[in-house]
């Protein structure tokens with residue numbers, strides 16, 4: 001799967017058409033509901049944020065884990081940039097309804113379209129949009145190794161791309177410190193955020209990819225030739 005495809009899978013919401021209802025989940029307890037509402041309120045007040053991240057992707061099938069590090073920036077409305085620094089450099093950018101993937105090793109820039117209406121609330125809540133309690137069944141889970149509070153989010157509708165989402169929150173600010181996506185095959189994509197900074201005045205130029213001359217541009221949104 002290409003870099004842009006991975007980004008689209010993570011960002012996009014499942015279409016309502018053809019979706020089937022999952023078994024009726026338990027409703028969140030009062031304390032969980034309050035915590036989720038605090039988390040969403042935090043991001044509603046946040047205009048931008050930056051952080052460093054460590055990503056550990058544990059492949060269930062192959063029994064191995066790939067670790068990556070880099071930086072991330074979010075800005076309202078609907079702008080996001082991930083810059084991977086190790087083990088290899090690459091960048092993903094979402095700006096408006098356009099998505100871009102830059103691979104300096106292959107010297108390719110892949111671009112595509114992603115309408116805002118297709119974004120999943122598992123991402124849009126970071127911009128203060130969407131409502132997690134409507135799309136997910138949410139429970140608090142024990143986590144002896146966590147520094148914060150662990151919430152487990154299970155899709156209310158049948159979801160083919162992932163089984164559950166886990167969010168570790170700072171109990172004081174309700175900001176997300178760690179996210180884990182559990183894939184259907186049991187693989188885990190864990191991202192830990194550090195050096196979190198909010199409302200620092202991130203400019204729109206941060207979300208412009210500057211690539212060298214000679215870069216091959218691939219248009220993933222263009223129709224395939226017959």
Q) For region 47-202, what class follows from the C-alpha gyration tensor (a ≥ b ≥ c being the square roots of its eigenvalues): rounded when a/c is under 1.5, otherwise prolate if a/b is larger than b/c, else oblate? A) rounded
(Q) What does the C-alpha gyration tensor say about the overall shape of region 165-223? Classify as rounded when a/c is under 1.5, otherwise prolate if a/b is larger than b/c, or oblate. (A) oblate
Q. Can you give the FRET efficiency for residue 216 and residue 173, using 1/(1 + (r/R0)^6), R0 = 45 Å, r = Cβ-Cβ distance, to the nearest 0.05?
A. 0.60
Q.
If I stretch the segment between residue 37 and residue 65 completely, what's the gain in nm (0.36 nm per residue apart, minus their alpha carbon distance), one decimal?
A. 6.7 nm
Q: Mind ranking 138-151, 169-182 by how tightly packed they are, going by the mean number of other C-beta atoms within 10 angstrom, highest first?
A: 169-182, 138-151
Q) Contour minus end-to-end for residue 143 and residue 163, with contour as 0.36 nm per residue of separation and end-to-end as the Cα-Cα distance? A) 5.3 nm
Q.
Could you work out how much longer the chain between residue 44 and residue 204 gets when fully extended? Use 0.36 nm per residue separation minus the Cα distance between them, nm to one decimal.
A. 55.7 nm
Q | Whether region 29-121 is rounded, prolate or oblate, judged on the alpha carbon gyration tensor where a/c under 1.5 counts as rounded | A | oblate
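A short reminder: the numbers here are calculations on the coordinates, not readings from a lab. Keep in mind that this is a model prediction, so the values were computed, not measured. In this analysis, Cβ positions are derived from the backbone assuming ideal geometry, glycine residues included, and neighbour counts consider all displayed protein chains.
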